[in-house]
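Encoded as structure tokens, the structure appears first; notes follow it.
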Amino acid sequence: MSAELPRIVIAGGGLAGLSLALALKQALSDGVEVTMYDPALGRDPHADKRAYAIGAAARRMLEALRIWDGVADAAQPIHDMVITDSRLQDPVRPSFLTFAGEVEAGRPLAHMIAGGDLTAALVEACRGAGVSLKATGVESFSPDPAGIDVAAGGRTERACLLVAADGARSRLRELAGIAWISWPYRQSAIVATIRHARDHEGRAVEHFLPSGPFAILPLKPETAPDGSRLYRSSIVWSERSEAVPHLLESHPEDLLAELERRFGLQLGALSFETGPQAFPLSFGVARRFTAERLALLGDAAHVIHPIAGQGLNLGLHDAAALAEIVVEALRLGRDPGAADVLEEYERARRADITAMGLVTDGLNRLFSNDILPIRLIRDLGLGLVDRMPALKSFFIREAAGLGRGTAPRLLRGEAL
């Protein structure tokens, strides 16, 4: 390739960064050089056992990137969702709100998929498309009006744009001097994969409990060596942070008993397929999503509560928006790292991210308490929504990522 070709450097090989890299190369082919740096690229992507909810709009994007067909067999569609609101000791958990899982004919609200499967597919596709993958991190950068020098792996390369996709504790965001607005939730998320005796039938359940939401998310069943079906679900158990160390350090049988109190016995006997891990929860958003020759992507730009399962989907929306803006700029002969181009990205993402952050923050504060008047009001509201098909349809489309104004082309299933 000619050294004069525009180069875009992406720091961070997570799902959003990989999707951006693939979108750029598929759209522009030999018209752009894309280099990705992340030490994790030297490890087996299948080691990531976390499960993610992929909304309908994000699925359209993966279809447009020609990724979905390769991972669809490992993805579990969510056919319906049930929301309850109760105390832990309540003998019955009434269902206040239910959602049918289809947003369009044959299109479920979301799919659950293992992060390792999706990462591996994106890495392979990026290699095939000509993305240069480097298993090292970006050390520093120096922008100027004509470009940006990026130091990584003991060498410096010239680029027109650096994308910081290096996570919530983004070092590049700090080096760029971009302020981070955040507050802790005093909650931690305990995540694990659970095996259960009976089929979940593609149903997701969200129990709103005073200590935080407890989500049961269906995973694709596996086949045991004896031919039997292994039914599985992912849990996201939000708990008060001060209680989490005691829970995780308790005897496995005691921890399983606490899990059963929250999970319920509707799916039969439970066991841990993967050991539980805990992550502190917080809200965070960058004051700006861009700096000179730099754009923030995914968790480097925003972190929200997992109550609606929208964290990854927001990151994929970032990637779709930035890819479209960069591709259009290069096709028109514009500089993709110029201030006016990056301002388009800022405008495209600010409202959506702000709205989703406020919604998830408000829902968590509304439901993570045991104040009786508030409980009565919120349960009344859930019941009213359940009886209003048009309003339910609106919420379903919002959760699927299909109702957010003019979406980028990739989220509409259109190639760039």
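The values are calculated or read from the model by the stated rules, or taken from the named source; none is laboratory data. Note that the structure is a prediction, hence the values are computed from the model and not measured. Heads up, the Cβs are rebuilt from the backbone with ideal geometry, glycines too, and the neighbour counts pull from every protein chain shown.
Structural remarks
- Every condition in (1) outside any helix (DSSP H, G or I); (2) closer than 27 Å to Gly275 by Cβ is met by Ala121 except one, and the failing one is (1).
- Comparison of Leu330, Leu316, Leu294 shows that the only residue that is within 30 Å of Val236 (Cβ to Cβ) and of a type in the set (A, V, I, L, M) is Leu316.
- Considering each residue of region 3-17 in turn, none proves to be among the hydrophobic types (A, V, I, L, M, F, W, C), part of a strand (DSSP E or B) and either out of contact with any strand residue (DSSP E or B) (no Cβ under 9 Å at 6 or more places or on another chain) or within 30 Å of Gly264 (Cα to Cα) (or both).
- Answer from Asp144, Asp149, Asp166, Asp85 - the residue that is closer than 30 Å to Pro373 by Cα and among the acidic types (Asp, Glu): Asp85
- Top-ranked residue in region 350-373 [being outside any loop (DSSP other than H, G, I, E, B), charged (D, E, K, R) and closer than 20 Å to Glu239 by Cα; ranked as modelled with the highest pLDDT]: Asp361
- Listed by first and then second residue, the pairs linking a residue in region 352-380 that is under 19 Å from Phe289 (Cβ atoms) to a residue that is among the small types (Gly, Ala, Ser), with Cβ atoms under 6 Å apart and 6 or more places separating them unless they lie on different chains, are Thr360/Ala308.
- Test: Gly264 is surrounded by 13 or more Cβ atoms within 10 Å (Cβ to Cβ) and modelled with pLDDT under 95: yes
- Screening Ser182, Ser188 for residues that are closer than 23 Å to Gly284 by Cβ, surrounded by fewer than 17 Cβ atoms within 10 Å (Cβ to Cβ) and either of a type in the set (Gly, Ala, Ser) or in contact (Cβ under 8 Å) with a residue 60 or more places away in the chain (or both) leaves exactly one candidate, Ser182.
- Hits in region 148-170 (condition: among the hydrophobic types (A, V, I, L, M, F, W, C) and outside any strand (DSSP E or B)): Cys160, Ala165, Ala168
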